[in-house]
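Values quoted throughout were computed directly from the atomic coordinates according to the rules given, and no laboratory measurement underlies them. Keep in mind it's a predicted model, so treat the numbers as computed, not measured. Note: ideal-geometry Cβ built from the backbone for every residue, glycine included; neighbour counts use all protein chains shown.
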Amino acid sequence: MSQEGVTTCSGVVSWENSAATFVPLVDSRLLNRCKKFGILLDCGTCSRQEIPFKMNTGPVPAAAQARFGTLVMVQLPITPMQPWFRTIRDLTAPFRWSDLFENPGPVELDIGAGRGLFTLNAALTHPDRNILAVEIDYREGRRAAERLKKRDLANARVIGGDVMVLLADVIPENSVDATHVYFPDPWWKPRHHKRRLFDTHFCDLLARVLKPGGQVHHWTDVADYFQMVTAAMDSHPEFSRSSAPEEREPEHDMDYQTSFERKKRKMGFPIYRALWQRH
Ligand SMILES: C[S@@+](CC[C@H](N)C(=O)[O-])C[C@H]1O[C@@H](n2cnc3c(N)ncnc32)[C@H](O)[C@@H]1O
């Protein structure tokens, strides 16, 4: 299971022709098959999301056997990365910021942090601030945490899990100084737009955790997503718009706000930036 310290990485073993092969759940087709047949699932590193642990107690369905042979769950140890990386389940209730940071200074959230370039640079530039990266993809979150661990940073941490859970149920109200939402997944197809993270409910949750005067920074290269976000935030009773930062020339490859900003600017895409303040 994914509790830090006893963390394991789940996958499946496929026995074909008596040879056992470990298959981590990175193959989405295999993942979907296993989900469908209820064979596993909990993954600390491989899966894109935390999936409730589930094991098939009955016989493996014939269709799954035909494709994969016999599937069983295995768990492999992975390196514990506390205190730089924890999952939501590792947190104890009631959560207090002092559980993560010794410094009682301001707290900022890097939401959907990816590999954590913003978190790293912000923590190095502002040692007085505490930066919490939240990333649903544990593999990416661990990469971000590795960068922080290398520099032994005490003012930056990564939480693996769904930010909606953290914002709604874990983080105390009026306790965050700034939130950064950079290049959230665009979910391009119109029928998938409902999966986009930044919607009116998300705005309400940001308002819940931010202190009065707290900031929401949002950057994206996706014009219609940006319009959707600005419409929701501009009409939200708790927020008013401030002027966004101007684009500036990076001095080197790590001098971008995030990895996605670097990627998109190098591809020549315009970047839309906005900033709001909570009343
Ligand atoms: C397009 S990437 C951008 C990463 C980074 N902010 C950047 O600009 O380089 C979006 C990230 O948000 C993460 N994400 C999506 N939904 C999330 C959620 N509900 N909670 C936490 N992270 C989430 C994804 O796993 C992905 O790493």
Just to verify a result, which residue in segment 96-118, among those that are of a type outside the set (A, V, I, L, M, F, W, C) and within 16 Å of the ligand (Cβ to nearest atom), is farthest from the chain's Cα centre (by Cα)?
Glu108
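Only one of Asn130, Asn121 is over 13 Å from the mean Cα position of the chain (by Cα), at negative phi and within 13 Å of the ligand (Cβ to nearest atom); which? Let's see the steps before the verdict.
Details: Asn130 fails: within 13 Å of the ligand (Cβ to nearest atom).
Testing whether each residue is over 13 Å from the mean Cα position of the chain (by Cα), at negative phi and within 13 Å of the ligand (Cβ to nearest atom) leaves just Asn121.
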Scan segment 220-251 for residues that are hydrophobic (A, V, I, L, M, F, W, C) and more than 18 Å from Asp177 (Cα to Cα) and jot them down.
Val222, Ala223, Phe226, Met228, Val229, Ala231, Ala232
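Quick test for you: out of Met228, Met254, Met164, Met233, pick the one residue that is out of contact with any Asp or Glu (no Cβ under 7 Å at 6 or more places or on another chain) and under 22 Å from Pro106 (Cβ atoms). If you could, list the steps in order and put the result at the bottom.
Numbers: Met228 fails: under 22 Å from Pro106 (Cβ atoms); Met254 fails: under 22 Å from Pro106 (Cβ atoms); Met164 fails: under 22 Å from Pro106 (Cβ atoms).
Of the residues listed, the single one that is out of contact with any Asp or Glu (no Cβ under 7 Å at 6 or more places or on another chain) and under 22 Å from Pro106 (Cβ atoms) is Met233.
Does any residue of segment 181-189 turn out to be closer than 14 Å to Leu132 by Cβ and in contact with a Leu (Cβ under 9 Å, 6 or more places away or on another chain)? Outline the logic, then answer.
Residues of segment 181-189 that are closer than 14 Å to Leu132 by Cβ, as a first pass: 181.
Retained after the next criterion (residues that are in contact with a Leu (Cβ under 9 Å, 6 or more places away or on another chain)): 181.
Scanning segment 181-189 turns up at least one residue that is closer than 14 Å to Leu132 by Cβ and in contact with a Leu (Cβ under 9 Å, 6 or more places away or on another chain).
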A careful count of residues in segment 151-168 that are over 20 Å from Val216 (Cβ atoms) and within 15 Å of the ligand (Cβ to nearest atom) gives 4
